Amino acid sequence: MLKSLSVSLLVILSLFSCVNKETEKTSSISYLDYVNPLMGTDSEFSLSNGNTYPAIATPWAMNFWTPQTAKMGDGWTYKYDDQTIRGIKQTHQPSPWINDYAAFSLMAVTGKMKFQEDDRASYFSHKAEHVKPHHYSVYLADYDVTAEVSSTARAAHFKFTFPEADSSYIMLDAFFKGSMVEIIPEERKIIGYCRNNSGGVPDNFHNYFVAQFDKDFEVTHTWEDNWTLNEHTTKSSGQHVGAIVGFKTEKGEAIHVKVASSFISPEQAELNLTTEIGNDSFEQTMAKSQSAWEKELGRIKIEDDNIDHIRTFYSCLYRVLLFPRKFYEYDKNGNIVHYSPYNGAVLPGYMFTDNGFWDTFRAVFPFFNLMYPELNAQIMEGLANTYKESGWLPEWASPGHRDCMIGSNSAPIIADAYLKGNVKDKDVDILLEAILKNAQVEAGRPVNSVGREGLEYYNTLGYVPYNVGIKENAARTLEYAYADFTIAKMAEKLGKNDLAESFYRKSKNYTYLFDASNNLMRGKNEDGQFQEPFNPLKWGDAFTEGNSLHYTWSVFHDVHGLIDLMGGKANFISKLDEVFSMPPDFDNSYYGFTIHEIREMQIANMGNYAHGNQPIQHMIYLYNYANASYKAQEKIREVLTKLYSAAPDGYCGDEDNGQTSAWYVFSALGFYPVTPGVDQYVIGSPLFKKATLSLENGNTFTISAPNNSPENRYISAVSLNNQPWNNSFVEFESIQNGGHLIFDMSETPNRDWANKLENTPYSMSKE
């Protein structure tokens, strides 16, 4: 009996121990466990569910690595439905539409040597693929090889696990548009450079690489242009060359390759390898990358019982923390230096790239100002360097100026950073000079997207005319007017009151395009007459990747002024409602076919609301300005739970350098920066029961909604630091000072909350 009891007690204690270990394991779960880098990869030219690729990188890294399923030069480098992999490539691609630069790849094969990209491609399965930001692993079925990679900011560590084979090969494809490889057997190295790009580079552009192996080479081959194999050679240069090294391998033998690159020199590439990986093992490299991600992802701690929403949140946060990329390196003395993609010189100081400000001014950079002020100060220094090196601010950089999109959105980014204290004193004057040049000088722009196209018309008439050969003119006018507002705010804080007053006046230019007969923005001819014919459903033409129903709301700085133009709150709310209640009709005649942005709107079943593209993403929050916050809460929750998921088809359109992800991150927390350049975030409907923000200044800001649920999407009441809060916005300083924002949620709207004019967010007219 005693023996039986003892056995029972041991079993109970054993079970208790297991429970404790499981609890401990659950409580210490890695934030990376929630991230799915495959979110958004189920995309193609005709329909974007994100247009992403799995980026194996550290936050804001100079280099990313990704499995390559598509042919060299294809912007859709990894498509979820593809069945074969051609290699794992270094990539700098910010968007399939912008494409890549400085790419090269590594691939392993066994048996018959295959090196051409179609021939060497191996079948793979997502069932035998492990994808996390710090580690990628895939089974190359045709070769019985497992390929793995982990990375640092400027280097990467590969691990290829081979079968028993007399003929095992690793090849480095240096890609097209100019490349060189050299195999150095006595050093177990491949060195070289690649020059592929899609524009935006000086004539001396090179990406120098070094690949260090841990096994002697038994075979060395290279290839030259037209996939011409040169056996038993060690050097090749041309338009498209590559290197092949061969070995005999035992079953389970792992060959490691440490790789680094530099835009500065071959010696700098070697230095980057030594500095960032050195003698580290693969596991150590992976651990360092994991630690880098855990640090940044852990700045926001989510507590909730919906694991799917948590996964979506951290998968989106991962995307927000990728761009813009660091385009600088550390010299042998530890100094920050960069190769300039604008003038080709090697210069001191920070440089960042791969960003389209038309997308990211809206939420990505406001997120940096909130959570990463030191990083954003470095980015601002990089913008100052760009201006000094090219004479202009970038609007789409990859790596230098690219002719893509419209607007003058460097101004909101700079002004918002300055107003929130994130511009160093030494950079203020040069950045103000730069944004004023954008607003005052049209001649000499390096590409159309830089500066302001149609500036002379805008400064003379107050708008860019429809009939003078400048495309997307109404969109330009609206974006210039908002940029002028942010310039005015910056000038005002600097004590330049006359300058501020002139730009405040110009920021009212949006009124020139308002057509009171239909309460919509509309293109206007040079003679002051509205364009004819006018179809508010016509995409493009006077607008950019949207229609009048989308761009009418692009008055970020003066929503109350827009309400007044529409004849009051009732008409304004009705117009907002109409966007959702009407069918998803469209006119695609400007493009001649249905572009993917249109199709994504059409299939979402949210009327003419096109969340998959940026111009309308702030629109839902505008209900707050008309004291109809409950309508915003309803629609925000619908978008959060319907249009996003941590799945390959998890976005509802282009992700675009973190912007569509940043909308989710902000909105899931419960507020959104409708107007970068002011100190407020507009309140929506928090998704989680609790979120804790660890701020860079050491303070903590907590957002709680303890009774949150799918049904309880409406705000019943709010308190801030134990005091009732009746405003439909929360201020920047309130967050930075630390505190506690508590939402009482309900399944029925509280139409009395935030229902007075003084409870509404900032508008220039209201102020």
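The values are calculated or read from the model by the stated rules, or taken from the named source; none is laboratory data. Computed from a predicted model, the values in this text were never measured in an experiment. Virtual Cβ from ideal backbone geometry, glycine too; neighbours counted across all protein chains shown. The area values use the complete protein model at the heavy-atom level, side chains included, leaving out ligands, DNA and RNA. Shrake-Rupley method; radii C 1.70, N 1.55, O 1.52, S 1.80 Å.
Here is how the numbers come out for the structure above:
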{"read-out": "Qualifying residues in the stretch 261-301 (those that are assigned to a helix (DSSP H, G or I), open to solvent by 40 Å² or more (accessible area, probe 1.4 Å) and touching a residue at least 40 places away in the same chain (Cβ under 8 Å)) - the one nearest to Ser661 (Cα to Cα)", "value": "Glu294"}
{"read-out": "Checklist (1) among the acidic types (Asp, Glu); (2) within 19 Å of the chain's Cα centre (by Cα); (3) within 25 Å of Lys132 (Cα to Cα) applied to Glu395, failing item", "value": "(3)"}
{"read-out": "Selection count, the stretch 108-122, where residues are in a loop (DSSP other than H, G, I, E, B) and under 31 Å from the mean Cα position of the chain (by Cα)", "value": "1"}
{"read-out": "Selection from the stretch 529-541 of residues that are surrounded by fewer than 23 Cβ atoms within 10 Å (Cβ to Cβ) and either touching a strand residue (DSSP E or B) at 6+ places or on another chain (Cβ under 6 Å) or touching a residue at least 24 places away in the same chain (Cβ under 8 Å) (or both)", "value": "Phe530, Gln531, Asn535, Pro536, Leu537, Lys538, Gly540, Asp541"}
{"read-out": "Matching residues in the stretch 78-94 - criterion: being open to solvent by less than 10 Å² (accessible area, probe 1.4 Å) and touching an Asp or Glu at 6+ places or on another chain (Cβ under 7 Å)", "value": "Gly87, Thr91, His92, Gln93"}
{"read-out": "Criterion (under 25 Å from Lys71 (Cα atoms), touching a residue at least 12 places away in the same chain (Cβ under 8 Å) and among the β-branched types (Val, Ile, Thr)) met by exactly one of Val219, Val201", "value": "Val201"}
{"read-out": "Residue selected from the stretch 753-767 under the condition charged (D, E, K, R) and assigned to a loop (DSSP other than H, G, I, E, B), by the criterion modelled with the highest pLDDT", "value": "Lys756"}
{"read-out": "Matching entry among Tyr681, Tyr672, Tyr625, Tyr664 (being of a type in the set (Ser, Thr, Tyr) and under 20 Å from Asp42 (Cβ atoms))", "value": "Tyr664"}
{"read-out": "Residue list for the stretch 454-495, restricted to those being under 29 Å from the mean Cα position of the chain (by Cα) and open to solvent by 50 Å² or more (accessible area, probe 1.4 Å)", "value": "Lys471"}
{"read-out": "Among residues of the stretch 644-659, those that are in contact with a helix residue (DSSP H, G or I) (Cβ under 9 Å, 6 or more places away or on another chain) and either acidic (Asp, Glu) or within 25 Å of Tyr714 (Cβ to Cβ) (or both), counted", "value": "6"}
{"read-out": "Members of the stretch 426-450 that are among the acidic types (Asp, Glu) and on the phi > 0 side of the Ramachandran plot", "value": "none"}
{"read-out": "Candidate set: the stretch 542-563, residues that are touching a strand residue (DSSP E or B) at 6+ places or on another chain (Cβ under 9 Å) and farther than 23 Å from Thr486 by Cα; chosen: the one surrounded by the most Cβ atoms within 10 Å (Cβ to Cβ)", "value": "Asn547"}
{"read-out": "Matching option when the condition is of a type outside the set (Ser, Thr, Tyr) and surrounded by fewer than 23 Cβ atoms within 10 Å (Cβ to Cβ), among Phe115, Phe162, Phe104, Phe175", "value": "Phe115"}
{"read-out": "Qualifying positions in the stretch 145-159 - in a strand (DSSP E or B) and either open to solvent by 10 Å² or more (accessible area, probe 1.4 Å) or in contact with a Leu (Cβ under 7 Å, 6 or more places away or on another chain) (or both)", "value": "Thr146, Ala147, Glu148, Ala155, Phe158, Lys159"}
{"read-out": "Filter result (out of contact with any helix residue (DSSP H, G or I) (no Cβ under 7 Å at 6 or more places or on another chain) and either assigned to a loop (DSSP other than H, G, I, E, B) or farther than 28 Å from Phe688 by Cβ (or both)) within the stretch 308-336", "value": "Leu322, Phe323, Arg325, Lys326, Phe327, Tyr328, Asp331, Asn333, Gly334, Asn335, Ile336"}
{"read-out": "Residues being under 16 Å from Ser179 (Cα atoms) and surrounded by 17 or more Cβ atoms within 10 Å (Cβ to Cβ) - total across the stretch 213-228", "value": "4"}
{"read-out": "Complete set of residues in the stretch 184-202 that are open to solvent by less than 30 Å² (accessible area, probe 1.4 Å) and farther than 16 Å from Ser261 by Cα", "value": "Ile184, Gly199, Gly200, Pro202"}
{"read-out": "Residue check for Glu231: open to solvent by 30 Å² or more (accessible area, probe 1.4 Å), more than 28 Å from Met62 (Cα to Cα) and without any contact (Cβ under 8 Å) to a residue 12 or more places away in the chain", "value": "yes"}
{"read-out": "Qualifying residue in the stretch 137-144 (condition: in a helix (DSSP H, G or I) and open to solvent by 40 Å² or more (accessible area, probe 1.4 Å))", "value": "no"}
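Per-residue answers, yes or no, for (1) touching a strand residue (DSSP E or B) at 6+ places or on another chain (Cβ under 6 Å); (2) modelled with pLDDT under 95; (3) assigned to a strand (DSSP E or B):
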residue: His130; (1), (2), (3): yes, no, yes
residue: Thr161; (1), (2), (3): yes, no, yes
residue: Asp166; (1), (2), (3): yes, no, yes
residue: Phe175; (1), (2), (3): yes, no, no
residue: Ile183; (1), (2), (3): yes, no, yes
residue: Gly192; (1), (2), (3): yes, no, yes
residue: Val201; (1), (2), (3): no, no, no
residue: Phe209; (1), (2), (3): yes, no, yes
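Yes/no matrix, rows are residues, columns are (1) more than 15 Å from Ala411 (Cβ to Cβ); (2) acidic (Asp, Glu); (3) open to solvent by 10 Å² or more (accessible area, probe 1.4 Å):
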residue	(1), (2), (3)
Tyr342	yes, no, yes
Phe352	yes, no, yes
Thr360	no, no, no
Ala363	yes, no, no
Pro366	no, no, no
Pro373	yes, no, yes
